[in-house]
Structures are given as C-alpha cells and as structure tokens.
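Report on the structure given below.
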Amino acid sequence: MEHTHRHILFPILLAICLALAGRPTDARDLWEGPYVGASLGVATSSDTDMLRSLNAGVNSRRGGLLLGAEVEVADSEIDTAAGRIDRITRLKSRAGVLRRGVHYYAVGGVAQTRADFGSDVGYVLGLGVETHMSDAVTLGAELLHHGFTDVDGAGRDVSVNTLTARLNYMF
C-alpha cells in the first residue's frame with residue numbers, strides 16, 4: 001500500500017465498525033434535536049490533506065426518515081491543481097434511515113472555499129453513517145465529494161473528496 005494513502009484506513013475501518021455494531025435506541029428517540037460536534041479527516045485526492053472541522057445541526061424524524069440540516073466549518077491543508085484550500089464552509093442537508101441503531105444518510109448542499117485561488121462556491125454530495133456511543137454522544141464517518149467550477153474565473157474545475165471521523169454531542 002502506498003504511504004500516501006495509509007492514513008485513510010482509520011475512517012474506513014470506523015465506518016465498517018459502526019455499520020456492524022450499532023447501539024439500539026430505547027423508547028425515547030435519541031436522534032431528534034440539535035447537536036454540535038467536531039471532525040478529523042483527510043482528503044483522499046491529495047498528499048497534503050489534513051482536515052479539522054466544527055459543526056452544528058438539528059435532526060427531525062418524519063416517519064421512517066431522519067432529516068437534518070448542518071453547518072460545518074473546516075480548516076484544511078488540501079493541495080489542488082488550482083492551489084491550496086485553507087477553509088471549507090459547508091451548509092448541508094442530511095436525509096437517512098435508522099437500522100439497528102445506526103443512522104445511514106445521504107448529504108447534499110453548498111460548499112464555499114477560502115484558498116490560494118480566492119473564494120469560490122460549489123456543491124457537496126456524500127454519504128454518512130453514525131451511531132450513539134451514549135444517550136448524548138454519537139460517533140460517525142462521512143465521505144464527501146466537493147465540486148467547484150470555473151475557479152477564480154480561470155476556467156479550472158476543482159474537485160475534492162474528504163473522509164472524516166465525526167464526534168457529536170446531542171442536546
């Protein structure tokens with residue numbers, strides 16, 4: 001295995017463990033309401049790729065679906081062909097289902113970068129998995145794809161994939 005991609009094993013293994021070892025929820029719904037959290041991850045397409053973020057969001061149950069909205073600010077060290085990305089701010093919607101105490105969800109939203117090439121707005125799409133470690137604490141992982149077109153008006157497109165481990169506290 002190449003040295004540059006060894007660091008992605010932790011988030012991948014975390015996601016597999018979460019999928020296999022969900023904590024069943026009790027009669028009280030632990031998933032609804034506001035939460036705050038932090039993430040640590042990597043960009044899978046870059047050698048210089050650390051990503052640290054803080055997030056806040058809210059979840060709501062609608063029948064069998066768990067819907068949510070989240071804002072996340074990530075400091076990064078992601079090198080791209082257009083330049084280095086220092087910060088990514090994301091406004092995400094989440095929609096998913098609960099199976100055996102595990103929340104599987106899809107992500108869609110808007111992302112804004114602050115980078116060497118200036119500031120640009122694009123999209124973010126992805127998948128996530130999350131489970132409760134206690135009544136108020138969840139542990140999860142997200143794989144996100146970010147796309148930015150015509151970066152800095154130079155006609156260059158930039159895409160970045162990130163894989164993060166997440167820890168949230170629910171109120």
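The values are calculated or read from the model by the stated rules, or taken from the named source; none is laboratory data. Just so it is clear, the model here is predicted, and its values are computed rather than measured. Here Cβ is always computed from backbone atoms with ideal geometry, including for glycine, and neighbour counts include all displayed protein chains. Heads up: the accessible areas ignore ligands, DNA and RNA and are worked out on the full protein's heavy atoms, side chains in. Shrake-Rupley method; radii C 1.70, N 1.55, O 1.52, S 1.80 Å.
One residue stands out in region 121-171 among those that are among the acidic types (Asp, Glu) and modelled with pLDDT of 90 or more: the one that is nearest to residue 91 (Cα to Cα), namely 142.
Take residue 108 and tell me if it is exposed (fewer than 15 other Cβ atoms within 10 Å of the Cβ), touching a residue at least 12 places away in the same chain (Cβ under 8 Å), in a strand (DSSP E or B) and in contact with a strand residue (DSSP E or B) (Cβ under 7 Å, 6 or more places away or on another chain). Answer is yes for this residue.
Residue-wise test of (1) basic (Lys, Arg); (2) in contact with a Lys or Arg (Cβ under 9 Å, 6 or more places away or on another chain).
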position: 84; (1), (2): yes, no
position: 94; (1), (2): yes, no
position: 133; (1), (2): no, yes
position: 145; (1), (2): no, no
position: 154; (1), (2): no, no
position: 158; (1), (2): no, no
position: 161; (1), (2): no, no
position: 171; (1), (2): no, no
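The test for being hydroxyl-bearing (Ser, Thr, Tyr), closer than 30 Å to residue 155 by Cα and modelled with pLDDT under 85 does not hold for residue 89. Quick check on my filter: what residues within region 62-84 are surrounded by 14 or more Cβ atoms within 10 Å (Cβ to Cβ) and modelled with pLDDT of 90 or more? Once the filter is applied, which keeps residues that are surrounded by 14 or more Cβ atoms within 10 Å (Cβ to Cβ) and modelled with pLDDT of 90 or more, region 62-84 yields 66, 67, 68, 69, 70, 72, 73, 74, 75, 76.
For region 121-136, residues that are open to solvent by 40 Å² or more (accessible area, probe 1.4 Å), assigned to a strand (DSSP E or B) and farther than 17 Å from residue 83 by Cβ total 3. Selection of region 137-165 for residues being touching a residue at least 60 places away in the same chain (Cβ under 8 Å), open to solvent by less than 40 Å² (accessible area, probe 1.4 Å) and in contact with a Phe, Trp or Tyr (Cβ under 6 Å, 6 or more places away or on another chain) yields 151, 158.
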